[in-house]
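What follows is one structure encoded as C-alpha cells, with my remarks underneath.
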Amino acid sequence: MPDLDSGHIFLTTLAPIKSSASGGDSRTSSEQNVRIALAKMPTAMQSPATQRTGINSPFARNKRNHLARMFVLSDVVYNGRVGGNALLNIVKRLILRDDSMAPQKVDRLNASYLVFCADIDAITADGAPLPTELSAAQQTEVRRAYAKELWSTMELELQDIYSNCGGFENVDTADQFADYLEKCHVETTMPFHDYYLELPEFNDLPVLPLIGAVAAPAIVALLALIARILGCLTIPMLGWSTFWTFVVALALTFVAGFFAVRFALKNGEKPLAPGKYDDLPSVLKALYMQQTFADFIVEHQGASAQKLHDDFGAFLKATKPSDRSGPTQEPGVISVEAMDKTA
C-alpha cells in the first residue's frame, strides 16, 4: 500500500514556490528565500562539528520523526533523448519519413517546489503501537496528526519556510497546516529504512497456481487451433466445435491473465508488519542501552564477581531497559555523550 509499510508512514509533499519576489519591496525571489530559510535551519547533532554548535534540529523536538528532509526542486532532470532500436529507426525514416533527429518533448515543472520527505511512526498519539494495516482514511488521520505535531513543535521555522509557497497565505493554525500538507501530499511507494531484527513473513505469491490458471486455457486454445488447422472440426467424443473451443479458451486465457496480474499487484501492495522494536522510542532506547552497556563493560574489566553482580544490578535499576520513556537517547543526537551538549 502506498505510504505505509512496516508500521511507518513514508510521507512526501511538494509545495509550489511562488514565482514572484516575496516580502513587499524585497528583490529576493521566493525560491531564494526558501533556500535561505533551509540553510539557516540547524541540522541534527550527528557529527563533531554540529555537536559543537549545541543547537539541534527542530525536527528533533518530537518523537515521531525517523527521518526528515527538505529541499528545493527547481526542475526535473533531463536524462537525454529516449533511445530506440537503430534498425527500427532506419525503417521509420525510410518508410514513415520519421526524422529521428527531431526534438522530443522534454518534461518541465510548472514551478519550483519545496519537497518535504519524512519517515514517521504511523500513529496519532505518542506511545501508541505501530499498526500493520491502515485504511486510506486512517492514513490521512495519521498524516494530519503528524502535521499538527510539527506545527506545535516548530511553528516559527515552518512559517519562515512555507510563507514563500503558494496557498500558504492564510495558514496560521495547526489544523490549517494539516490541510495544507494534505493538498501537497504525493503518494510514496519506496520506504526509507529497515529496522528488522528478524525478517517478517513476506507476502508470498502463489506462482505455480497462477501460472496454471493461465496456462490451462492457453493450452486448450492452442490444441484446438492446431486441430482446426489439421482439419478436425469437432473435438472427438465431446463434439465441441474446435473453432469455438479455441475462441472461448483464448478468452479465458486473457481473463485469467488479467486477474493473475491484478492479484500479483494487490499482493505486492500489502504492507509488511512492523518489527518488534521499530517505533522511534524503542530505537532511541536501544541506542541508549547499547552505549551505556558498552561503557559498563569497559569500566568493569577485571572486576570481582561480587562487584560485577552488585554494579550490574545498579546499572539495570538506573537504565530501566524495559522503559522506553527514559532514561534514553534524545532524538537528533549521534550519541548519549552528545546529549549533554544540546542547547
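The values are calculated or read from the model by the stated rules, or taken from the named source; none is laboratory data. Predicted model only: the values in this text are computed from it and were never measured. Heads up, the Cβs are rebuilt from the backbone with ideal geometry, glycines too, and the neighbour counts pull from every protein chain shown. Just the protein is used for accessible areas: all its heavy atoms, side chains included, with ligands, DNA and RNA removed. Shrake-Rupley method; radii C 1.70, N 1.55, O 1.52, S 1.80 Å.
Taken together, Leu73, Leu109, Leu67 contain a single residue that is over 19 Å from Met154 (Cβ atoms), touching a Phe, Trp or Tyr at 6+ places or on another chain (Cβ under 9 Å) and either surrounded by 12 or more Cβ atoms within 10 Å (Cβ to Cβ) or hydroxyl-bearing (Ser, Thr, Tyr) (or both), which is Leu73. Scanning the range 298-325 for residues that are of a type in the set (S, T, N, Q) and either in a loop (DSSP other than H, G, I, E, B) or touching a helix residue (DSSP H, G or I) at 6+ places or on another chain (Cβ under 6 Å) (or both), we see that the one that is least open to solvent (accessible area, probe 1.4 Å) is Thr319.
State the number of residues belonging to the range 186-241 that are touching a helix residue (DSSP H, G or I) at 6+ places or on another chain (Cβ under 7 Å) and either open to solvent by 60 Å² or more (accessible area, probe 1.4 Å) or at pLDDT below 85 (or both).
10
Considering Ser241, Ser282, which residue is among the polar types (S, T, N, Q) and within 30 Å of Ala128 (Cβ to Cβ)? Please lay out each step first, then the result.
On the way: Ser241 fails: within 30 Å of Ala128 (Cβ to Cβ).
Exactly one residue qualifies, and that residue is Ser282.
Regarding the range 152-160, can at least one residue be identified that is exposed (fewer than 13 other Cβ atoms within 10 Å of the Cβ), polar (S, T, N, Q) and assigned to a loop (DSSP other than H, G, I, E, B)? No, the range 152-160 contains no residue that is exposed (fewer than 13 other Cβ atoms within 10 Å of the Cβ), polar (S, T, N, Q) and assigned to a loop (DSSP other than H, G, I, E, B). Scanning the range 275-329 for residues that are more than 30 Å from the chain's Cα centre (by Cα) and among the β-branched types (Val, Ile, Thr) gives Thr292, Ile297, Val298, Thr319.
Scanning the range 44-61 for residues that are surrounded by fewer than 15 Cβ atoms within 10 Å (Cβ to Cβ) and either free of Cβ contacts under 8 Å to residues at least 60 places away in the same chain or in a helix (DSSP H, G or I) (or both) gives Pro48, Ala49, Arg52, Thr53.
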